[in-house]
1. Can you name the residue in region 376-392 that is surrounded by 15 or more Cβ atoms within 10 Å (Cβ to Cβ) and assigned to a loop (DSSP other than H, G, I, E, B) and is also modelled with the lowest pLDDT among such residues?
2. List pairs: first residue in region 488-500 and closer than 23 Å to Ala533 by Cα, second residue part of a helix (DSSP H, G or I) and open to solvent by less than 50 Å² (accessible area, probe 1.4 Å) anywhere in the structure, Cβ distance under 7 angstrom, at least six positions apart or on different chains.
3. Check whether at least one residue in region 352-360 is farther than 19 Å from Phe255 by Cβ, open to solvent by 10 Å² or more (accessible area, probe 1.4 Å) and of a type outside the set (A, V, I, L, M, F, W, C), and report yes or no.
4. Among the residues that make up region 464-477, is at least one of them among the β-branched types (Val, Ile, Thr) and open to solvent by 20 Å² or more (accessible area, probe 1.4 Å)?
5. Kindly check whether there is at least one residue in region 146-165 that is within 21 Å of the chain's Cα centre (by Cα), hydrophobic (A, V, I, L, M, F, W, C) and within 30 Å of Thr370 (Cα to Cα).
6. Where residues in region 77-109 are of a type in the set (A, V, I, L, M), in contact (Cβ under 8 Å) with a residue 60 or more places away in the chain and in a helix (DSSP H, G or I), which of them is farthest from Asn387 (Cα to Cα)?
7. I need the full set of residues from region 501-516 which are crowded, with 21+ Cβ neighbours inside 10 Å and among the hydrophobic types (A, V, I, L, M, F, W, C), in order please.
Amino acid sequence: MDSRVSELFGGCCRPAGGGASAALRGRGGPAPGGGGGSKTKKKNGRSRGGKANNPPYLPPEVSSGSRRLKLVNPSQYRFEHLVTQMKWRLQEGRGEAVYQIGVEDNGLLVGLSEEEMRASLKTLRRMAEKVGADITVLREREVDYDSDVPRKITEVLVRKVPDNQQFLDLRVAVLGNVDSGKSTLLGVLTQGELDNGRGRARLNLFRHLHEIQSGRTSSISFEILGFNSKGEVVNYSDSRTAEEICESSSKMITFIDLAGHHKYLKTTIFGLTSYCPDFAMLVVSANTGIAGTTREHLGLAMALKVPFFIVISKVDLCSKATVERTVKQLERILKQPGCNKLPLLVNSDDDAVTAAQQFAQSPNITPIFTLSSVSGENLDLLKVFLNILPPLTNSKEQEELMQQHTEFQVDEIYTVPEVGTVVGGTLSSGICREGENLVVGPTDDGKFLRLKVCSIQRNRSACRVLRAGQAATLALGPFDRSLLRKGMVMVSPEMNPTICSVFEAEIVLLFHATTFRKGFQVTVHVGNVRQTAIVEKIHGKDKLRTGEKAVVCFRFIKHPEYLKIGAKLLFREGVTKGIGHVTNLQAITTKENGLEESLGPGQLSF
């Protein structure tokens, strides 16, 4: 950010080249009707665009419509035009848009007088009411300009429930070493009560008795935190059920609580690869610093290209010097050539707003929060950050995914009394409706079987339609649970899915104690697929050492899997680790995998 803009909005860090106004730009694509900011007026014989006081600029934004010099008493035609632009921006931002009042279309920070600002906000509020949205003032600052009257610029968040009543949902994976305070932090955020220092806040998150007894997470659990259209927190302190939270929220943050202990690493990797988180939150204990699996979890997030931010917890147990030492330790690691990140320490609400907007637009920015789950110190800064954090995909990309064939990843399998078999997972593409007929597979012998989706639940509340990118549980009625396993997919029958036992991937060997050769067995993670595979061939080489690249042919040792070319791949065995992507599949044809037989009459009843 430009140094003058950074000072104006209290930014704590200056991102490296090119990100001059990322923290202040609006969201969404170009609004119809082009620019629309008022032309500069002369005051005291001098143009506002003059160089007398060298006023600060934001670079001209590509997507017009979010910057407004003033919105004072617009005509009816002008008002309708502005409302149309707001609808467009909200659609592009999937229900959210940020407006900057007092900024020219060309980026000049002009500012408005108190009276003009009040009138502009009143007009903006009328526009929001017209489209069924609410506005929240994020921040305002005085700008030093050629005027005797104090002038301000204001940044406003406009948020509405989307027209299809599907609230904006972001998934955040929670990483960090064992005993760093991950579950406790989530308990405080979602339950609305501070911890007592002995882990009371985390008790509602644990799924097993041994987790309560040891205080350590060993399984994947999900917790939700909502924000209404005014940006206020909606959690279990105000609502009794998850359904009430969903009904009251315009935006939902779904936290995926992952295990921190090294012996549960495969569970953590499965959570990162199969649940497709939008962001990751790496929790580091202030008193222990970077220890245990912290580096490994950081490496996993980077290998899978999941944008991450860092939370330093337990600052109430440490002196200020200890916290600063932990922050410097993290900054040193983040700036290393392997990470190449730009740490941004968040100390105020302004920093939180800047961090949220910069973080979504620049992959190199890594916000760092220092907080306490016991005293509540800086907890509100994290909530501000999560409230403003925009989605990574826009509405156009979402529409393209929804137009593809239905593909649902099976991550969890349950049996629920009086409901039958239930599967949990993520819809990768397409649309899934209640009552829809799909096929599931591949089975151990490579077949796909018919089934019917009886009902859908999303965030523990009933849902009739599931859209691409959303996680949910599907009730399959009397379908035999023993025929299902994690790693399967449910797809449209017309998709004619291809499966394989042998595939090739371009890999980088991150670490191996000796040499990586033909015949070596590794556990391969590709999306929701997790299976042992054997190295059949290393193209062009006899062996690999740490840091080397190659195209490797793998063969699953148990049963075929459904894979896609280009899918990210991660493999491990003991201390051996590597990453890559799938480049080629030796597909088993429809005739071979028994699709026709499995779809035959009488195979499985609906």
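The values are calculated or read from the model by the stated rules, or taken from the named source; none is laboratory data. What you are looking at is a predicted structure, and each value in this text was computed from that prediction instead of being measured. Neighbour counts are summed over all protein chains in view; Cβ atoms, including those assigned to glycine, are modelled from backbone coordinates with ideal geometry. Note: accessible area is taken over every heavy atom of the protein model, side chains too, but ligands, DNA and RNA are not part of it. Shrake-Rupley method; radii C 1.70, N 1.55, O 1.52, S 1.80 Å.
1. Step by step, filter region 376-392, then rank; the result is Pro391.
2. Qualifying pairs under 7 Å: Ile499/Asn593.
3. no
4. Within region 464-477, one or more residues are among the β-branched types (Val, Ile, Thr) and open to solvent by 20 Å² or more (accessible area, probe 1.4 Å).
5. Yes: one or more hits.
6. If we take residues in region 77-109 being of a type in the set (A, V, I, L, M), in contact (Cβ under 8 Å) with a residue 60 or more places away in the chain and in a helix (DSSP H, G or I), then Met86 is farthest from Asn387 (Cα to Cα).
7. Residues satisfying the conditions are Phe503, Ala505, Ile507, Leu509, Phe516.
Yes/no matrix, rows are residues, columns are (1) without any contact (Cβ under 8 Å) to a residue 60 or more places away in the chain; (2) surrounded by 15 or more Cβ atoms within 10 Å (Cβ to Cβ); (3) part of a helix (DSSP H, G or I):
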site: Lys230; (1), (2), (3): no, no, no
site: Ser237; (1), (2), (3): yes, no, no
site: Glu243; (1), (2), (3): no, no, yes
site: Thr268; (1), (2), (3): no, yes, yes
site: Leu282; (1), (2), (3): no, yes, no
site: Glu324; (1), (2), (3): yes, no, yes
site: Lys328; (1), (2), (3): yes, no, yes
site: Gln336; (1), (2), (3): yes, no, no
site: Asn340; (1), (2), (3): yes, no, no
